[in-house]
Amino acid sequence: MKPKILVVAANYYEKITNTLCMQTNSALNKKAKCKFILVPGVFEIPVVISKNIKKYDGFIALGCVIKGETPHFDFICSAATNAIMNLSIDYKKPIGNGIITCLNIEQGIARSSKKGQEAAKAVLSILGLEK
């Protein structure tokens, strides 16, 4: 039976999110049943995963955070990463981190071409479906 994977994608940078989602979907194709949920920003990803933690075998977090002129970037990145890691460890379920952290939109666009696929392959690997 195919594993169920929930992909939670922050849609703040829509072009980047679309690319991340397409790459993730391509990597998961035929290997898992997947559902996509869009959220406004990266900060909302962990709560959606938490609400669905018992319904799925694995999760993928997608999004992009671009550094601005305030420390907001650092707080959001740390909070999201720590929450995702804690959920994964506490519930012993793989959560692929496909959240891009970068300095500008150009870096985000460039990194979006592979990051979703890498996160999907990591989850599939932990589930024993990818080498």
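The values are calculated or read from the model by the stated rules, or taken from the named source; none is laboratory data. Because the structure is a prediction, the values reported are computed rather than measured. Every residue, glycine as well, gets a Cβ built from its backbone with ideal geometry; the counts of neighbours run over all protein chains shown.
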Task: Residue list for segment 1-23, restricted to those being part of a helix (DSSP H, G or I), of a type outside the set (D, E, K, R) and without any contact (Cβ under 8 Å) to a residue 24 or more places away in the chain - done: 18
Task: Every pair of residues 6+ apart whose Cβ atoms lie under 8 Å, when the first sits in segment 111-131 and is in contact (Cβ under 8 Å) with a residue 40 or more places away in the chain and of a type in the set (A, V, I, L, M, F, W, C) while the second is in a helix (DSSP H, G or I) and surrounded by fewer than 16 Cβ atoms within 10 Å (Cβ to Cβ) - done: none
Open item on the list: Which numbered condition in (1) modelled with pLDDT of 95 or more; (2) surrounded by fewer than 16 Cβ atoms within 10 Å (Cβ to Cβ); (3) part of a helix (DSSP H, G or I) is the only one that residue 37 fails?
Closed with: (3)
Task: The listed residue being under 16 Å from residue 97 (Cβ atoms), in contact with a strand residue (DSSP E or B) (Cβ under 6 Å, 6 or more places away or on another chain) and of a type outside the set (Lys, Arg), out of 62, 38 - done: 62
Task: Among (1) over 17 Å from residue 8 (Cα atoms); (2) surrounded by 18 or more Cβ atoms within 10 Å (Cβ to Cβ) - the single one residue 128 does not satisfy - done: (2)
TODO: Could you tell me which of the residues 67, 55, 30, 35 is in contact with a helix residue (DSSP H, G or I) (Cβ under 6 Å, 6 or more places away or on another chain) and of a type in the set (Lys, Arg)?
DONE: 67
TODO: Answer yes or no: is there a residue in segment 85-94 that is of a type in the set (Ser, Thr, Tyr), closer than 12 Å to residue 42 by Cα, touching a strand residue (DSSP E or B) at 6+ places or on another chain (Cβ under 6 Å) and surrounded by 13 or more Cβ atoms within 10 Å (Cβ to Cβ).
DONE: no
Open item on the list: Pairs needed: first member in segment 57-83, under 22 Å from residue 36 (Cβ atoms); second member anywhere, assigned to a strand (DSSP E or B) and polar (S, T, N, Q); C-beta distance under 6 Å; at least 6 residues apart or different chains.
Closed with: 61/97; 65/101
TODO: Working only within segment 53-76, note down all residues that are in contact with a Lys or Arg (Cβ under 9 Å, 6 or more places away or on another chain) and either surrounded by 12 or more Cβ atoms within 10 Å (Cβ to Cβ) or of a type outside the set (D, E, K, R) (or both).
DONE: 53, 56, 57, 58, 59, 62, 64, 73, 74
Task: Output for segment 24-34, where each listed residue is part of a helix (DSSP H, G or I) and surrounded by 15 or more Cβ atoms within 10 Å (Cβ to Cβ) - done: 24, 25, 27, 28
